[in-house]
Amino acid sequence: MRTLLLCLLLLTTTASWADVPAARVNGVQIDAMRLERYFTEYLEAQGRAVASIRNPTLYKRLRDQALDELIDKELLWQEAQRQGIAISDAQVAAHVGEVEAAFGSPTVFERRLAEAGFNRAEYAQYTRHEMAAQQLYAQLSAVDAPSQAQVEAFYEANRQTLQGAQNQSDNPSVIREQGLRLARATLIGQLQAQARQTVRQRLRESAKVEIAD
């Protein structure tokens, strides 16, 4: 969370973009400035920079992917409101305080806020939305732990791949024990990914999403 918020504040945007729509989600506008902020954040998470992308087709594809994620975030925030998920002022203040401390100076933090088109109140509200959306996402995409039988079946079906990813050992029992641990972690990861995809699809199916040309 803190890393993403830091990335957001490192982008200087043009305030006049605030009225240019990139999309509407159930009537709520996602403006171009918000998209550009998130696009930089999205690229940063992949170890990229906007200036490094010189292929127009790649640029558009990545920007579309960022917009797609931003639409999902807006849908999650709207659903969080419907479900009454509330983030306390203390929780928001704690997160904002972490970000401010990371900049090392209140003056630098205030300057970054201004450069990103925020004042403190607006940034606190952005943080509240992000935290509520992530809390809901975690709740909706939670999965039950797989049974031992499911783990063993998954291990047997993917033994070669799993053994190639684990530490080498000459002891067969150690190999199997390590493989089962890796199988459990891998299976849980796959179940969680499937659950998150299901959540996004369900929210999209019941939403009206309009993307600007």
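The values are calculated or read from the model by the stated rules, or taken from the named source; none is laboratory data. Keep in mind it's a predicted model, so treat the numbers as computed, not measured. In this analysis, Cβ positions are derived from the backbone assuming ideal geometry, glycine residues included, and neighbour counts consider all displayed protein chains.
Whether any residue in segment 170-178 is small (G, A, S), out of contact with any Cys (no Cβ under 8 Å at 6 or more places or on another chain) and not assigned by TED's automatic domain parsing to the domain that holds S206 is what I want to check.
no
Which of the following residues is under 22 Å from L203 (Cα atoms) and surrounded by 14 or more Cβ atoms within 10 Å (Cβ to Cβ): E41, E74?
Exactly one of E41, E74 is under 22 Å from L203 (Cα atoms) and surrounded by 14 or more Cβ atoms within 10 Å (Cβ to Cβ), namely E74.
Could you give me the residue pairs with C-beta distances under 6 Å whose first residue belongs to segment 53-67 and is part of a helix (DSSP H, G or I), whose second residue is surrounded by 13 or more Cβ atoms within 10 Å (Cβ to Cβ) and among the β-branched types (V, I, T) wherever it lies, and which are 6+ apart or on separate chains?
Sorted first by the residue in segment 53-67, then by its partner, the pairs are Y59/I53.
Identify all residues within segment 49-58 that are exposed (fewer than 14 other Cβ atoms within 10 Å of the Cβ) and either touching a Ser or Thr at 6+ places or on another chain (Cβ under 7 Å) or closer than 25 Å to E130 by Cα (or both); write none if there are none. So that I can check it myself, show each step before the final result.
Applying the first criterion (exposed (fewer than 14 other Cβ atoms within 10 Å of the Cβ)) to segment 49-58 yields 49, 51-52, 54-58.
Within segment 49-58, A49 is the sole residue that qualifies.
In segment 195-212, which residues are in a loop (DSSP other than H, G, I, E, B) and either within 14 Å of D68 (Cα to Cα) or in contact (Cβ under 8 Å) with a residue 12 or more places away in the chain (or both)?
Residues satisfying the conditions are A207, K208, A212.
Being surrounded by 13 or more Cβ atoms within 10 Å (Cβ to Cβ), part of a helix (DSSP H, G or I), of a type in the set (S, T, Y) and touching a His at 6+ places or on another chain (Cβ under 6 Å), is that true of even one residue in segment 126-133? Don't jump to the end; show me each part of the working.
Start the filter on segment 126-133 by keeping residues that are surrounded by 13 or more Cβ atoms within 10 Å (Cβ to Cβ), which leaves 126-133.
Retained after the next criterion (residues that are part of a helix (DSSP H, G or I)): 126-133.
Subset that is of a type in the set (S, T, Y): 126-127.
Next, only the ones that are touching a His at 6+ places or on another chain (Cβ under 6 Å) stay: 127.
Checked against the condition, which is being surrounded by 13 or more Cβ atoms within 10 Å (Cβ to Cβ), part of a helix (DSSP H, G or I), of a type in the set (S, T, Y) and touching a His at 6+ places or on another chain (Cβ under 6 Å), segment 126-133 yields at least one hit.
Any residue at all in segment 79-86 that's outside any helix (DSSP H, G or I), modelled with pLDDT under 95 and in contact with a Lys or Arg (Cβ under 6 Å, 6 or more places away or on another chain)?
Scanning segment 79-86, I find no residue that is outside any helix (DSSP H, G or I), modelled with pLDDT under 95 and in contact with a Lys or Arg (Cβ under 6 Å, 6 or more places away or on another chain), so the answer is no.
Going by what's in this entry, would R196 be described as among the basic types (K, R) and surrounded by 14 or more Cβ atoms within 10 Å (Cβ to Cβ)? Explain how you work it out, then say what you get.
Values: among the basic types (K, R): yes; surrounded by 14 or more Cβ atoms within 10 Å (Cβ to Cβ): yes.
Yes: the conditions hold for R196.
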